[in-house]
Amino acid sequence: MYNSNKNKHQLSRRSFLKGSAAATGVLYLGGQAPAYSAGKRKLRYIAFINRNTVWGKPYDFLAAEVDRMSGGELEIEYAGGSDVIGGFDAPEAIANGVFDMSHSANSYFAGAMPSSISLASGNASVEQLRNTGVLHAYADILLKQRGVMLLGVPLSGVGYVFQVRFRPNKLSSFKGKKIRSIPLYDPILESMGAIPVTTSPAEAYTSMERGVVDGLGWPDIGLLDFKFYEQAKYILAPTFYQLRTATLMNPASFKRLPASLQGVLMEASRSADAIGAKWAKEKRDAEHAEMGKHGVEIVSLSNSEAKTFVKLTEEKLWSKIIELDPKEGPRMKALFDKAG
């Protein structure tokens, strides 16, 4: 059981923002990491799916950048993935200080923060979201509603797809079909007449194998890891939304670090995010080529239906967010519209 006393592990919003500003202001002279005297410090990190999938890769990027920039004085220690704790439970574990950091899908903490799924909206780069204030506002809401810090966006730059067992040449093809879903996809599937079915990522393959679902929604990366091509030979095009995962951190764990290491961690995270975005696009292209060898076909909607589909996904996303969070939803939409 996790400690339900969250106040013990939380910072006030003002204290956190003040600490973050100080950490961001750390400068490095000549590209050399500063010297530390407190000895090596460790932060325990969990992933929402196991490390041997694409979702474990951001750990490698972040751990390497932290080690390089801190001169080995700060270590990100991998504590496990869904074999240790379920992805939907991980954000609470971070908020309660069971672990220090987590790689998480934004929809996995939508229950406590309905506007979390806004991170999937639009086509703006992470840098554009940062420059237009989107990430600052998102982090502010995350800290208030979920009690955790947004450290970074470790994977980005690719969309989402529906991979299915039937040929999806029209949107009406989804009517009556059961599709493995998460809150991010539910309103889209419902609007197309499909039936969303919630399962953990680990159960996605067996759900298709047993006929529980006729397909699944998934980011356009990592499909190959789970061998979904053995059960579903069609992928709907175009993609929708943008994959933007989150690195969450316990605020108290961040605060316990010296200011110099806080700066290193934030700078390393930003560097790792850029590495992750580039890697994700390259990985997607390689996976598409490999899945094609296994008979997977990308089925494109007509131009008219493609525009309808993309428009529908954005409308349904924001309608759901504003319905569930009428205060913060409009605030986030205005910022995302500004980002483009």
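The values are calculated or read from the model by the stated rules, or taken from the named source; none is laboratory data. Every value quoted in this text rests on a predicted model; they were computed, and no experiment measured them. When we count neighbours, we look across all protein chains shown, and the Cβ atoms used for this are built from the backbone with ideal geometry, even at glycine.
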**Request:** Go through (1) surrounded by 14 or more Cβ atoms within 10 Å (Cβ to Cβ); (2) in a loop (DSSP other than H, G, I, E, B); (3) modelled with pLDDT under 60 one by one and return the number of the condition Gln32 breaks.
**Result:** (1)
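Sort out for me the helices (runs of 4 or more DSSP H) sitting completely within the stretch 227-340 that have 3 or more residues that are in contact with a helix residue (DSSP H, G or I) (Cβ under 9 Å, 6 or more places away or on another chain) and among the hydroxyl-bearing types (Ser, Thr, Tyr).
Values: elements: 251-256, 259-293, 303-324, 328-339.
Correct list: 259-293, 303-324.
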**Request:** Could you tell me whether the stretch 56-71 includes any residue that is modelled with pLDDT under 90 and either acidic (Asp, Glu) or part of a helix (DSSP H, G or I) (or both)?
**Result:** no
**Prompt:** Since Lys255 meets every condition but one in (1) under 17 Å from the mean Cα position of the chain (by Cα); (2) within 18 Å of Ala139 (Cβ to Cβ); (3) of a type outside the set (A, V, I, L, M, F, W, C), which condition does it not meet?
**Reply:** (1)
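Which ones in the stretch 89-117 are in a loop (DSSP other than H, G, I, E, B) and over 12 Å from the mean Cα position of the chain (by Cα)? Quick ask: steps written out before the conclusion?
The initial filter retains those residues of the stretch 89-117 that are in a loop (DSSP other than H, G, I, E, B), namely 89, 96-100, 105, 110-113.
If the condition is that a residue be in a loop (DSSP other than H, G, I, E, B) and over 12 Å from the mean Cα position of the chain (by Cα), then Asp89, Asn96, Gly97, Val98, Phe99, Asp100, Gly111, Ala112, Met113 are the ones that fit.
Could you tell me which residue of the stretch 73-82 is surrounded by the fewest Cβ atoms within 10 Å (Cβ to Cβ), considering only residues that are part of a loop (DSSP other than H, G, I, E, B) and touching a Lys or Arg at 6+ places or on another chain (Cβ under 9 Å)? Steps first, please.
Within the stretch 73-82, the first condition is being part of a loop (DSSP other than H, G, I, E, B), and the residues that meet it are 73, 81-82.
Filter once more, keeping what is touching a Lys or Arg at 6+ places or on another chain (Cβ under 9 Å): 73, 81.
Details: Glu73: 21, Gly81: 25.
Within the stretch 73-82, the match that is surrounded by the fewest Cβ atoms within 10 Å (Cβ to Cβ) is Glu73.
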**Message:** Restricting to the stretch 140-184, and then to whatever is in contact (Cβ under 8 Å) with a residue 24 or more places away in the chain and in a helix (DSSP H, G or I), can you tell me which residue is surrounded by the most Cβ atoms within 10 Å (Cβ to Cβ)?
**Reply:** Leu142
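A quick yes/no check of all residues on (1) surrounded by 13 or more Cβ atoms within 10 Å (Cβ to Cβ); (2) of a type in the set (Val, Ile, Thr); (3) modelled with pLDDT of 95 or more:
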position: Glu287; (1), (2), (3): yes, no, yes
position: Ser302; (1), (2), (3): no, no, yes
position: Ile321; (1), (2), (3): yes, yes, no
position: Met332; (1), (2), (3): yes, no, yes
position: Gly340; (1), (2), (3): no, no, no
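Could you check the stretch 204-222 and list, in sequence order, the residues that are out of contact with any strand residue (DSSP E or B) (no Cβ under 8 Å at 6 or more places or on another chain), touching a residue at least 12 places away in the same chain (Cβ under 8 Å) and assigned to a helix (DSSP H, G or I)?
Going residue by residue through the stretch 204-222, those that are out of contact with any strand residue (DSSP E or B) (no Cβ under 8 Å at 6 or more places or on another chain) are 205-206, 209-211, 221-222.
Checking which are touching a residue at least 12 places away in the same chain (Cβ under 8 Å) leaves us with 205, 209, 221-222.
Once the filter is applied, which keeps residues that are out of contact with any strand residue (DSSP E or B) (no Cβ under 8 Å at 6 or more places or on another chain), touching a residue at least 12 places away in the same chain (Cβ under 8 Å) and assigned to a helix (DSSP H, G or I), the stretch 204-222 yields Tyr205, Glu209.
Identify, from the list Ala232, Ala277, Ala246, the residue that is in contact (Cβ under 8 Å) with a residue 24 or more places away in the chain and within 30 Å of Arg165 (Cβ to Cβ). Walk me through how you get there before you give the answer.
On the way: Ala277 fails: within 30 Å of Arg165 (Cβ to Cβ); Ala246 fails: within 30 Å of Arg165 (Cβ to Cβ).
Just a single option satisfies the conditions, and that option is Ala232.
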